[in-house]
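Any read-out appearing in this document is the output of simple, stated calculations on the displayed coordinates, not a laboratory observation. All of these numbers come straight from a predicted model, not from anything done at the bench. Note: ideal-geometry Cβ built from the backbone for every residue, glycine included; neighbour counts use all protein chains shown.
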Amino acid sequence: MTIERGKVACIGSGLIGQGWAALFALKGYEVVMQDLSDDVLERAVARVRNHMRFLADAGLGDDFNSALGRIETTTGLVEAVEDVVLAIESVYESYEVKKPVFAEMDRAAPDDAILASSTSGLLMTEIQKAVGLHPERCIVAHPWNPAHLVPLVELAPGELTSEWTVERTYTIMEDIGKVPVVLKKEAPGFIANRLSVALWREALDLVDRGVASVEDVDKAVRAGPGIRWAIMGPYLTYHLGGGAGGIEYLMRHIGASKTSWLETMATWTNTPESAIEKAIEGVDEMVGGKPLEELEAWRDERLAKLLGLLWKNE
Ligand SMILES: NC(=O)c1ccc[n+]([C@@H]2O[C@H](COP(=O)([O-])OP(=O)(O)OC[C@H]3O[C@@H](n4cnc5c(N)ncnc54)[C@H](O)[C@@H]3O)[C@@H](O)[C@H]2O)c1
């Protein structure tokens, strides 16, 4: 499937909307950012400029000045979507906020425009219930923060989403350098947030039960599994962990001992207050008052190097 690089609307210009806007503009799309007030949009554009400058300097995007010229803003939702090929919604994470936005985008956008949601885990089948005209062109396209740097985007179609919508969204995402995966069946939290939250519960519990400090949990992930996860997922990792016998040997023999660990692991579904308090205290200690901008710059510089190493020539 081929695409012309038309106009893209980024609905909601917070953290995620800013990442989408920077990526699309740098890859040659016209971008219109929409939000509830001009003040919010002004702050958002300043951050998008920084993201684009950073990506262009890191060799991960095209010319910064022409990209900047492709970005406009509006507080009008109808005006934002009326001539787009894609509208990507990144407003607050609730059906109450997202459903009316989708209903209005559907009424105002061209019939063949894709309407995508950045939701972290809500289901498109539910959002589609609010869409009267063309629910088949609605799909979840879940990015990872920072959206302008992390390649993954999870495409999660709802019950009414057409195959054409999945294919077209896939093509557009590849065109801007994303790495799309498509869910075969809907699941709250999709693939990567479900995996992430399973690890997160155990990370919180290890600190809450006094097994390790926040800093050591982070260090253990980063220096151990994390460095492997940058190149392999859990299946290939465990296949190699089984040596000559591969995944089958690992699962049937070595893997059996994991039952006793699993029996002692956290199973709660509402985070205990004590775990929240210890997480806040531990992160405060670890971060030592460093401003957010400094931490983001530190992260982005390393992510850009990793991207250059891992994804540029794949
Ligand atoms: N933050 C993350 O790590 C992350 C990662 C992936 C996906 N997401 C998802 O992306 C979406 C946005 O998250 P975020 O972190 O950017 O949130 P955010 O709070 O930073 O930004 C949300 C923006 O939406 C705007 N907004 C709210 N209602 C609106 C409306 N009716 N019309 C237009 N704009 C509206 C707000 O003014 C705000 O600027 C959520 O669904 C979230 O789950 C977040």
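Here the residues Thr75, Thr125, Thr161, ranked from fewest to most Cβ neighbours within 10 Å of their Cβ, fall in the order Thr75, Thr125, Thr161. Taking the Cα of Glu294, stepping 7 Å toward and past its beta carbon, and measuring to each backbone N in the stretch 7-48: which are under 19 Å? From the stretch 7-48, the list is empty.
Each of Ala198 and Asn65 was given a label point 7 Å from its Cα along the Cα-to-Cβ line. The distance between the two points is 5.1 nm. Normalising the Debye intensity of the stretch 199-314 to I(0), with uniform scatterers on Cα atoms only, and taking log10 at q = 0.13, 0.20 Å⁻¹ returns -0.75, -1.20. Between 0 and 90 degrees, the angle of helix 38-57 with respect to the longest Cα principal axis of the chain falls at about 70 degrees.
Tally Lys/Arg at +1 and Asp/Glu at -1 over every other residue whose Cβ is under 11 Å from the Cβ of Ala44; what's the total? Local charge sum for Ala44: -1. For the stretch 1-120, the share of alpha carbon pairs falling in successive 5 Å distance bins from zero is 2, 13, 24, 24, 20, 11, 5, 1 percent. Of the residues Ile191, Ala108, Ala56, the one whose Cα sits farthest towards the positive end of the charge dipole of the chain is Ile191 (charges of +1 on Lys and Arg Cβ, -1 on Asp and Glu Cβ, taken about the Cα centre).
Ellipticity at 222 nm from helices only: DSSP H runs of n ≥ 4 in the chain, each -39500 (n - 2.57), divided by the residue count, give -15500 deg cm²/dmol. The radius of gyration of the Cα set in the stretch 216-256, together with its Dmax, comes out at 11.6, 32 angstrom. Helix 214-223 axis versus longest C-alpha principal axis of the chain: approximately 80°, rounded to the nearest ten.
For the chain, the Kirkwood estimate of hydrodynamic radius, built from reciprocal distances between every pair of different alpha carbons, is 21.3 Å. Each label point was placed 7 Å from the Cα along the Cα-to-Cβ direction; for Asp83 and Ile280 their separation is 4.9 nm.
What is the helix-to-structure angle for 15-26, meaning the angle in degrees between its Cα long axis and the longest Cα principal axis of the chain, kept from 0 to 90 and rounded to the nearest 10? Approximately 60 degrees, to the nearest ten. Please give the net charge around Val78, taking every other residue with its beta carbon less than 9 angstrom from that of Val78, where Lys and Arg add +1 and Asp and Glu add -1. In short, -2. Each label was represented as a point 7 Å from its Cα along the Cα-to-Cβ direction; for Lys219 and Asp111 these points are 6.2 nm apart.
Any chance you could run the full-extension gain for Glu104 through Ala244? It's 0.36 nm times the residue separation minus the Cα-Cα distance, nm to one decimal.
Numbers: separation 140, 0.36 × 140 = 50.40 nm, distance 5.69 nm.
Fully extending the segment from Glu104 to Ala244 adds 44.7 nm.
Just tell me the longest site-free run in the chain, where the sites are chymotrypsin sites (Phe, Trp or Tyr not before Pro) in a DSSP loop having at most 13 other beta-carbon atoms within 10 Å.
That would be 93-267.
A Cβ-based charge dipole, computed about the Cα centre of the chain with Lys and Arg at +1 and Asp and Glu at -1, lands at about 1020 debye.
How big is D for the stretch 82-170, in µm² s⁻¹ as a whole number, if Stokes-Einstein is applied with the Kirkwood radius of its Cα pairs at 25 °C and 0.890 mPa s? Stokes-Einstein gives a translational diffusion coefficient of 192 µm²/s.
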